[in-house]
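Notes to accompany the following structure.
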Amino acid sequence: MTGWGIADGITVQVDFTFVGQPSDEAIEQFDVVWRAPAGKLVGMQEAGVL
């Protein structure tokens with residue numbers, strides 16, 4: 001699965017690999033794992049680090 005987002009001209013892409021077939025549980029895990037780094041990047045951008 002690949003997740004990506006764009007904010008103020010900055011593109012972030014993250015690739016995740018799951019063993020087995022995609023399921024609702026795998027997608028929920030993807031959402032949890034995606035939100036942590038995405039939130040950190042937003043905070044860095046707001047702080048002027050990016």
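The values are calculated or read from the model by the stated rules, or taken from the named source; none is laboratory data. Note that the coordinates shown come from a computational prediction; the quantities given were computed from them, not determined experimentally. Here the Cβ positions follow ideal geometry from the backbone for every residue, glycine too, while neighbour counts run over all protein chains shown. Each accessible area value is taken on the protein alone, full model and side chains, heavy atoms only, with ligands, DNA and RNA left out. Shrake-Rupley method; radii C 1.70, N 1.55, O 1.52, S 1.80 Å.
Evaluate region 20-27: report whether one residue or more is open to solvent by less than 60 Å² (accessible area, probe 1.4 Å) and part of a helix (DSSP H, G or I).
Looking for residues that are open to solvent by less than 60 Å² (accessible area, probe 1.4 Å) and part of a helix (DSSP H, G or I), one finds at least one in region 20-27, hence yes.
In this structure, is TRP4 assigned to a helix (DSSP H, G or I) and among the aromatic types (Phe, Trp, Tyr)?
no
When you look at VAL14, is it in contact with a helix residue (DSSP H, G or I) (Cβ under 8 Å, 6 or more places away or on another chain), open to solvent by less than 70 Å² (accessible area, probe 1.4 Å) and either part of a helix (DSSP H, G or I) or among the aliphatic types (A, V, I, L, M) (or both), yes or no? Please lay out each step first, then the result.
Values: in contact with a helix residue (DSSP H, G or I) (Cβ under 8 Å, 6 or more places away or on another chain): yes; open to solvent by less than 70 Å² (accessible area, probe 1.4 Å): yes; either part of a helix (DSSP H, G or I) or among the aliphatic types (A, V, I, L, M) (or both): yes.
So VAL14 fits the description; yes.
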